[in-house]
Amino acid sequence: MAKKIVKKKAKPKVLKKVGKKQKHQMRQISSRKMTTIFVTGLIGFGLLATTAIGLNVYGQLTGNQKPKVEKVTSDKVDYRLEQFLDGYVNAYFTYSMDNQSQKKQLDELNSYYDYVPSEQNQGQLRQETSLLSSYLQEIKDNVAVYEVVYKSGSGDSAENIKVGFNVPFGGKDGKYYVSGLPWYSAVTNLKKSSSDDKELVLSSQTTELSNSDKKKLNDFMDLFFKNYTTSQKNLDLIADGVTTINGAIYKSTDWAYYKIHKDGSVDAYVQATFEIKGITHSENFSFKLAKKNDSYFVKELKHEIPADYAKVKKEDKTE
């Protein structure tokens with residue numbers, strides 16, 4: 001007979017008795033000590049804040065700050081004026097043999113003037129031209145001096161021509177305009193003059209001159225312009241400080257106005273026509289002439305005719 005297995009009863013777990021909580025007593029701190037702790041904490045916070053700000057500034061100075069860029073103001077470089085003048089030079093030396101294109105090109109050229117200059121010649125000789133290069137050499141006294149290379153003609157007869165090109169200009173309300181006829185000069189000769197921004201109307205009037213005086217002055221102008229385009233040596237004999245424009249051909253004096261002063265000196269205002277490689281153009285001149293023996297001598301030359309050229313002062317009137 002099998003034995004009966006009797007399981008032993010597990011001993012019950014005994015829970016430990018939790019000891020009594022210790023009572024914490026509040027320690028009393030004096031007001032003086034409390035003030036010391038507060039002040040110490042405040043100083044520490046201030047030091048941390050100052051350090052953080054200092055590190056931030058240092059970081060900007062050493063690595064994060066953008067380099068300082070100098071601003072170029074309009075009184076140093078005026079690119080608008082140069083762009084305007086470049087446009088005029090391009091328009092002046094661009095000429096097509098196509099009639100429709102010619103009208104557009106002429107309108108474009110005239111749009112640069114405040115008043116379209118009056119020209120007294122009997123018609124210009126033109127042939128196809130195109131601008132190859134232009135270099136602005138100087139801007140002074142309201143005159144821009146360019147070194148220009150342009151192509152004249154077409155096909156095998158085409159030539160590249162290098163000239164000095166002077167453009168008188170003015171400005172008003174932030175806009176620019178060409179104030180008169182441009183003129184040619186030797187490439188190495190930088191002529192300077194001022195210009196008048198008023199409308200110039202060439203009048204057929206003149207001060208009262210005898211036929212002999214008028215002929216003498218006209219003959220001198222012809223002599224001057226012939227030497228102006230051919231011989232520096234001969235030009236020096238009749239003019240002070242004027243440089244020849246070799247390569248140009250003097251064609252005609254188209255208009256002249258003379259003022260004779262009591263001392264024999266003369267103010268002469270002249271428009272003349274020149275030809276360069278089959279192309280003609282007009283130029284304006286103002287002369288101050290001194291009496292020299294039975295002829296005259298150029299004391300001063302400007303490439304302009306002022307708007308009030310015909311105004312005669314009382315002391316200038318001849319008896």
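The values are calculated or read from the model by the stated rules, or taken from the named source; none is laboratory data. Quick caveat: nothing in here was measured; it's all calculated off a predicted structure. With ideal geometry, Cβ positions are generated from the backbone for all residues, glycine too; neighbour counts draw on all protein chains shown.
Among the residues of this structure, Tyr135 does not count as one that is assigned to a loop (DSSP other than H, G, I, E, B) and not hydrophobic (A, V, I, L, M, F, W, C). So is Phe169 closer than 21 Å to Gly278 by Cβ and at pLDDT 90 or above or not? Spelling it out, it is not the case that Phe169 is closer than 21 Å to Gly278 by Cβ and at pLDDT 90 or above. Criterion applied to Val149, Val163 was being in a strand (DSSP E or B), surrounded by 15 or more Cβ atoms within 10 Å (Cβ to Cβ), more than 13 Å from the chain's Cα centre (by Cα) and free of Cβ contacts under 8 Å to residues at least 24 places away in the same chain, and the one residue passing it is Val149. Checking the structure you have, find out if any residue of region 239-247 is part of a strand (DSSP E or B), outside the structural domain of Val143 (by TED's automatic domain parsing) and of a type in the set (Val, Ile, Thr). No, region 239-247 contains no residue that is part of a strand (DSSP E or B), outside the structural domain of Val143 (by TED's automatic domain parsing) and of a type in the set (Val, Ile, Thr).
Please list, ordered by residue number, the strands (runs of 3 or more DSSP E) wholly in region 248-319 having 1 or more residues that are modelled with pLDDT under 95, out of contact with any helix residue (DSSP H, G or I) (no Cβ under 8 Å at 6 or more places or on another chain) and of a type in the set (Lys, Arg). Steps first, answer last, please.
Details: elements: 249-260, 266-276, 279-292, 295-302.
Fully inside region 248-319 and qualifying: 249-260, 279-292, 295-302.
The single condition from (1) aliphatic (A, V, I, L, M); (2) more than 30 Å from Ala256 (Cβ to Cβ); (3) more than 13 Å from the chain's Cα centre (by Cα) that Leu109 fails is (2).
With the checklist (1) among the aliphatic types (A, V, I, L, M); (2) over 24 Å from Thr280 (Cα atoms); (3) without any contact (Cβ under 8 Å) to a residue 40 or more places away in the chain in hand, flag the one item Ile260 doesn't pass. The number of the failed condition is (3).
Of Lys192, Lys215, all but one fail to be modelled with pLDDT of 70 or more and either surrounded by 13 or more Cβ atoms within 10 Å (Cβ to Cβ) or not in a loop (DSSP other than H, G, I, E, B) (or both); the exception is Lys215.
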